Amino acid sequence: MLISALVIAIGSFTFLSPCVHDDGSVGACWWAGRALLGLGCLLAVIAVEALLSARARFGAYLSGAAVSVLGVLTPGTLISLCRMSSMRCRAVTQPAMIILFAAAGLASLAGAWLCARAGKGIK
């Protein structure tokens, strides 16, 4: 979960970032990139908490799954992107972020399942 969170956070403003217009203005896709940056940072904090705190591990994994669902829904559903499918936000950012957040969500659910199986879930 931590690795995909770091790739999301760093990639959302570097190699996976949405486009900026030639005149320097920004559109909705730029704001989607900033929201993904925030969600990636939040997911990284949750992942570190899950690694460091045994008492909060189960809740951290469940929180990571919830943040991952928001991350999957953000580009294109919660925040609209450019209309042209050939634009960078539709061709690169959206599919990459959906895959990365889905991977983080699956890792979070697997961690929560392992915690519950070990008897360290909600009591």
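The values are calculated or read from the model by the stated rules, or taken from the named source; none is laboratory data. Given the structure is predicted, the values throughout are model-derived calculations rather than measurements. For neighbour counting, all protein chains shown are included, and Cβ atoms are generated from backbone atoms with ideal geometry for every residue, glycine included. Side chains included, ligands, DNA and RNA excluded: accessible areas come from the protein's heavy atoms. Shrake-Rupley method; radii C 1.70, N 1.55, O 1.52, S 1.80 Å.
List pairs: first in region 74-97 and free of Cβ contacts under 8 Å to residues at least 60 places away in the same chain, second open to solvent by less than 80 Å² (accessible area, probe 1.4 Å) and part of a strand (DSSP E or B), Cβ under 6 Å, 6+ apart or cross-chain?
What qualifies is Gln94/Pro75.
Which number in (1) more than 16 Å from Ala96 (Cα to Cα); (2) open to solvent by less than 40 Å² (accessible area, probe 1.4 Å) marks the one condition that Leu16 misses?
Tallying (1) more than 16 Å from Ala96 (Cα to Cα); (2) open to solvent by less than 40 Å² (accessible area, probe 1.4 Å), Leu16 fails exactly one: (1).
Select from region 111-123 the residues that are in contact (Cβ under 8 Å) with a residue 40 or more places away in the chain, surrounded by fewer than 16 Cβ atoms within 10 Å (Cβ to Cβ) and in a helix (DSSP H, G or I) and list them in ascending order. Before the answer, list the steps.
Initially, region 111-123 is screened for residues in contact (Cβ under 8 Å) with a residue 40 or more places away in the chain, giving 111-112, 115-116, 120-122.
In the following step, the residues that additionally are surrounded by fewer than 16 Cβ atoms within 10 Å (Cβ to Cβ) were identified as 116, 120, 122.
Across region 111-123, the qualifying residue is only Ala116.
Exactly one of these conditions fails for Val92: (1) open to solvent by less than 40 Å² (accessible area, probe 1.4 Å); (2) within 12 Å of Ser12 (Cα to Cα); (3) not charged (D, E, K, R). Give me its number.
Of everything listed in (1) open to solvent by less than 40 Å² (accessible area, probe 1.4 Å); (2) within 12 Å of Ser12 (Cα to Cα); (3) not charged (D, E, K, R), Val92 misses just condition (1).
Can you spot a residue in region 77-86 that is within 19 Å of Phe15 (Cα to Cα), open to solvent by less than 40 Å² (accessible area, probe 1.4 Å) and either of a type outside the set (Lys, Arg) or within 17 Å of the chain's Cα centre (by Cα) (or both)?
Yes, region 77-86 contains at least one residue that is within 19 Å of Phe15 (Cα to Cα), open to solvent by less than 40 Å² (accessible area, probe 1.4 Å) and either of a type outside the set (Lys, Arg) or within 17 Å of the chain's Cα centre (by Cα) (or both).
Leu100 versus (1) surrounded by fewer than 21 Cβ atoms within 10 Å (Cβ to Cβ); (2) under 26 Å from Arg34 (Cβ atoms): which is the lone unmet condition?
Unmet for Leu100, out of (1) surrounded by fewer than 21 Cβ atoms within 10 Å (Cβ to Cβ); (2) under 26 Å from Arg34 (Cβ atoms): (1).
For region 31-59, name all the residues that are among the aromatic types (Phe, Trp, Tyr) and crowded, with 18+ Cβ neighbours inside 10 Å. I'd like the intermediate steps shown before the answer.
Start the filter on region 31-59 by keeping residues that are among the aromatic types (Phe, Trp, Tyr), which leaves 31, 58.
The one that is among the aromatic types (Phe, Trp, Tyr) and crowded, with 18+ Cβ neighbours inside 10 Å: Phe58.
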